[in-house]
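Structure first, then comments.
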Amino acid sequence: MATPLPLEVVAGICAATLTIAMLRSDGETSQATGALLQGPPTPWHLPQSIADGLRGYLLGHGKAQSLGLLVLRLAIGLMMIHHGQDKLADPQGFANNYVIPLHLPFPLLMAHAAGYAEIFGSWLLIFGLLTPLGALALTGTMAVAAYHHILTSGLNIYVLELVVLYLGGSLALLLLGPGRFSFDAGIAKELLENPATEDDVDFSVIQQPVLVAIPVESTSR
């Protein structure tokens, strides 16, 4: 049973309004939080804007937010693995049923790519390692799956609901980052917050002249 079109329009308007409100709120608070996210210059000579952006993306979450992102990563990653395994168990069947109807080139290759993307992307989300790459892989496969379901079944909520949940969760992780409870955050903390920089050295102390008294022995005849 397809969802009525007016309901879809109302849901889209509500989602767009909420997104605009969140973006405006984020813009208003960026100046207040910018000073907290700025750190010392990195030893890798990254531009300050890029370094601050990475700090905010990987280290700018509180403990409660990071815990929520961890739960989301584990839920999506653990549930998506078997979808990739099912595709690789019968790649030709998946290509015949899902890839060929979309008229995509190299259907068998696409089937293998989708299976491996879901497996490796899920593990990356679980460990929080290269999280944007893993989230992007799952977002891509779920976007294609959503398009396939709409093309074949229309706006049927009972067919779309699971795909949209995976798509929304992976897209949220792509935009928000993995949180502090991840390998990405640990690596970023070591690389971006290294206090040993040249700016921390007080060269005025080194440049002060040092007088050393050298005793001279006098010889008497």
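We did not get these values from a lab; they are worked out from the coordinates using the rules stated. Note that the coordinates shown come from a computational prediction; the quantities given were computed from them, not determined experimentally. Reconstructed Cβ throughout: ideal geometry from the backbone, glycine too, with neighbour counts over all protein chains shown.
A DSSP coil position with no more than 13 other Cβ atoms inside 10 Å describes the following GluC sites (Glu not before Pro) in segment 101-199: 193. The Cβ shell under 11 Å around residue 55 holds other residues with a net charge of -1, Lys and Arg each +1, Asp and Glu each -1. If Lys and Arg each add +1 and Asp and Glu each add -1, what is the summed charge of the other residues whose beta carbon sits under 13 Å from the beta carbon of residue 93? Once positives and negatives cancel, what remains is -1. Grab every C-alpha pair in segment 62-194, bin the distances at 5 angstrom width from 0 up to the longest one, and report whole percents. Pairs per bin, as whole percents: 2, 11, 19, 21, 18, 13, 8, 5, 3, 1, 0.
The label point for residue 190 and the one for residue 157, both projected 7 Å from the Cα toward the Cβ, are 4.8 nm apart.
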